[in-house]
1. Residues to consider are R53, R46; find the one that is part of a helix (DSSP H, G or I) and charged (D, E, K, R).
2. Can you list residue pairs whose Cβ atoms sit under 6 Å apart, with the first residue in the range 62-73 being under 10 Å from F154 (Cα atoms) and the second being polar (S, T, N, Q)? Count only pairs 6 or more apart in sequence or on different chains.
3. Report yes if I157 is assigned to a helix (DSSP H, G or I), out of contact with any strand residue (DSSP E or B) (no Cβ under 9 Å at 6 or more places or on another chain) and under 24 Å from L20 (Cβ atoms), otherwise no.
4. Take the range 116-132 and flag every residue that is out of contact with any Leu (no Cβ under 9 Å at 6 or more places or on another chain) and either free of Cβ contacts under 8 Å to residues at least 40 places away in the same chain or closer than 28 Å to A21 by Cα (or both).
5. Go over the candidates S59, S99 one by one and state the one that is among the small types (G, A, S), in a helix (DSSP H, G or I), touching a residue at least 40 places away in the same chain (Cβ under 8 Å) and touching a strand residue (DSSP E or B) at 6+ places or on another chain (Cβ under 8 Å).
6. Kindly check whether there is at least one residue in the range 5-13 that is under 22 Å from the mean Cα position of the chain (by Cα) and either under 22 Å from H210 (Cβ atoms) or free of Cβ contacts under 8 Å to residues at least 12 places away in the same chain (or both).
7. Might you check whether a residue that is over 23 Å from W176 (Cα atoms), in contact with a strand residue (DSSP E or B) (Cβ under 6 Å, 6 or more places away or on another chain), surrounded by 15 or more Cβ atoms within 10 Å (Cβ to Cβ) and among the hydrophobic types (A, V, I, L, M, F, W, C) occurs anywhere in the range 21-38?
Amino acid sequence: MTLLIEFAIIFAIVLVLGYLAPAGAYYWLFHVHAEDRHLDPIQHRRPTAKDIRREVQLSISTVVIFSVMATALYELYKAGYTNIYWNLRDYPYGFLFVSVFAALAVHDTWFYWTHRFMHWRPVFKYTHLGHHRSVSPTPWAIYAFQPAEAFLQFLGIAVVIMIVPLHPLGMLLFFWIDAQVNTAGHTGYELVPRFIRQSPWFQGCNTVTHHDLHHTHPNKNFGSFFNVWDRWMGTYLPDEAAENHGVVKPVPAEVAEHDRKTAKPSRSFREQLGGLVPQLFAERQSRSDHRTA
């Protein structure tokens with residue numbers, strides 16, 4: 001009975017604060033009232049009602065999975081297996097903010113590499129295709145994951161909480177930043193002011209356009225908070241490639257291919273691995289991109 005009560009409370013928190021509140025607020029501000037704000041969409045393609053229904057349905061299933069896993073994580077916390085601490089004096093002054101940055105860096109690394117993995121052809125259909133059916137996403141897509149992806153996404157959160165010392169205030173700040181970045185990234189409108197985007201201090205951070213471009217260029221821009229891994233691994237695509245800069249991109253081949261149910265014959269394991277570790281097979285991947293362009 002105690003577990004059921006814990007699950008119910010956690011489910012309500014994840015559903016309302018983690019999903020409905022941020023997604024609903026951003027959708028109301030930047031979709032329902034986008035014209036009032038005189039905003040230019042990043043893409044010319046607009047989401048349909050069917051797209052939004054699919055995003056909500058997938059997101060609700062993710063909320064359930066997240067809640068089950070969060071309940072298990074809470075049990076680990078009670079058993080003393082996490083790095084959550086309550087006394088701010090346990091660590092030096094200012095460590096609270098250092099720990100939040102560490103959490104963001106660890107999570108971004110986890111996100112980048114698991115994201116790359118889910119784009120590997122043998123697993124894409126079973127892990128990440130559902131999310132990429134939203135070529136022009138809305139804020140309702142922030143949790144639009146298939147079950148396998150939902151599991152991987154929350155596992156990344158668990159890894160952060162297990163290895164990074166976090167005060168509850170730091171944990172709340174981390175979750176707040178994650179919610180804002182994730183929701184903004186699926187809004188479809190660039191929200192970061194130009195003077196901030198052009199600042200040298202911001203170059204390692206992601207814009208809304210950065211993630212929106214990933215939905216039209218699935219082999220680029222895999223990072224979440226930062227673009228450091230994208231730059232290091234050669235998967236970085238600058239904001240200038242966006243449609244509102246004059247470039248129009250059709251529905252990504254990976255999504256169109258699976259939606260038509262005409263998947264190409266599997267390539268050799270070495271070729272498939274090239275999609276996961278591109279720096280080892282860059283030339284082969286380049287030829288593949290030209291064939292599917």
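Please treat every number below as a calculation from the coordinates, not as lab data. Just so you know, these numbers come straight off a predicted model, no measurement behind them. In this analysis, Cβ positions are derived from the backbone assuming ideal geometry, glycine residues included, and neighbour counts consider all displayed protein chains.
1. R53
2. Taking only residues 6 or more apart or on different chains, not a single pair turns up.
3. On the way: assigned to a helix (DSSP H, G or I): yes; out of contact with any strand residue (DSSP E or B) (no Cβ under 9 Å at 6 or more places or on another chain): yes; under 24 Å from L20 (Cβ atoms): yes.
Answer is yes for this residue.
4. If the condition is that a residue be out of contact with any Leu (no Cβ under 9 Å at 6 or more places or on another chain) and either free of Cβ contacts under 8 Å to residues at least 40 places away in the same chain or closer than 28 Å to A21 by Cα (or both), then V123, Y126, H128, L129, H132 are the ones that fit.
5. Details: S59 fails: touching a strand residue (DSSP E or B) at 6+ places or on another chain (Cβ under 8 Å).
The unique qualifying residue is S99.
6. yes
7. no
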